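Taken together, the values in this text are just the output of simple stated rules run on the coordinates, not laboratory data. On a predicted model such as this, the values are computed, not experimentally measured, just so you know. Cβ atoms come from the backbone with ideal geometry, glycine included; neighbour counts cover every protein chain shown.
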Amino acid sequence: MKLQRLFPASSRSLWSLALLLSLVEQAYSIKFLLPAHHYAPSKCIWNGVHTNQLVVVTANVGEGPSQRTDIEIIDSSPQRNVYLSKRGINGETRLAVTAHAEGEVGVCFRNYLNSDVREDAASARIIDLEVDIGADAVDYNAIANQESLSGLETEMRKLEGIVKEIVEELDYLKKREERFSSTNESTNQRVQNFGVFTFFALVGLGVWQIFHLRSYFKRKYLID
């Protein structure tokens, strides 16, 4: 039996959209144990972002008596710009920032133990972290409710955002390839110039040695 008879055109469109969305969606999720210390070190989770890209961080912090967990969102620039910082988070915390430049955004945690409590291996909290970037960070359900969109229209709006991200990613890769190509050509030109300089330097040195030896032998009356 033909596919057209099994699935109507609208159903095939929905299945195609769902399949494409499942292939291109990228949400980053991680669960880890964060030990508590009196002088707590920072533990950061990094994700690559593009300029003006929306980043939504959802952190679910488990229970931990006599502990205080702080969160900070920074970038990978030399200045380590701080986008957002919050002290003493508990339960589920949702934060949103917009990347200022191309690079990486880090979600950093510090888990402090009260000074009157002795440190041990049991002092720790479970962190369940989810980072949504770009189109994945947009709440399309809220948009659908606000604009009274149908299910297909919502999926189309989501697909539009994902396609836009793909185009921006391809444009970024193209620019980076052009930059690498320019650097490669510049390096090759410098190597060629250095090779030509070395060749003429060796030729000049050889000619100088010939005249110097000839002059030396003439002074010693070894040659006419």
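Of the peptides 186-192, 90-96, how do they stack up when ordered by the mean number of other Cβ atoms within 10 Å, highest first?
Most protected by this proxy first, the peptides run 90-96, 186-192.
How big is D, in µm² s⁻¹, for the stretch 23-137 by Stokes-Einstein at 4 °C and 1.567 mPa s if Rh is the Kirkwood radius over C-alpha pairs?
88 µm²/s
Treating only the Cβ atoms of Lys and Arg (+1) and Asp and Glu (-1) as charged, compute the dipole magnitude of the stretch 114-189 about its Cα centre; round to the nearest 20 debye.
Details: 9 positive and 19 negative charges, 53 e Å.
Using Cβ point charges on Lys, Arg, Asp and Glu, the stretch 114-189 gives about 260 debye.
In whole Hz, what ³J(HN,Hα) sequence does the stretch 187-193 give by Karplus (6.51, -1.76, 1.60; θ = phi - 60°), x for Gly and Pro?
Listing the rounded values in order: 5, 4, 5, 5, 5, 5, 4 Hz.
Where does the charge balance sit around Leu54 when Lys and Arg score +1, Asp and Glu -1, over other residues with C-beta under 10 Å from its C-beta?
Every neighbour counted, the sum reads -2.
Report the full-extension gain for the segment Cys44 to Asn60: residue separation times 0.36 nm, less the Cα-Cα distance, to one decimal in nm.
Result: 4.2 nm gained on full extension.
Report the Rg/Rh value for the stretch 170-209, based on alpha-carbon coordinates and the Kirkwood definition of Rh.
Details: Rg = 17.3 Å, Rh = 12.2 Å.
For the stretch 170-209, the value is 1.42.
If R0 is 25 Å, what FRET efficiency do you get for Asp120 and Ser29 from their C-beta distance, rounded to 0.05?
So the FRET efficiency works out to roughly 0.30.
Which residues' amide hydrogens lie under 5 Å from the amide hydrogen of Asn81, considering only partners 5 or more residues apart or on another chain, with H built in the peptide plane?
Residues meeting the amide H criterion: Asp75.
Across the stretch 113-119, in residue order, what do the Karplus-derived ³J(HN,Hα) couplings come to in whole Hz, using 6.51 cos²θ - 1.76 cosθ + 1.60 with θ = phi - 60° and x for Gly and Pro?
In residue order, the calculated couplings are 9, 3, 5, 8, 10, 6, 6 Hz.
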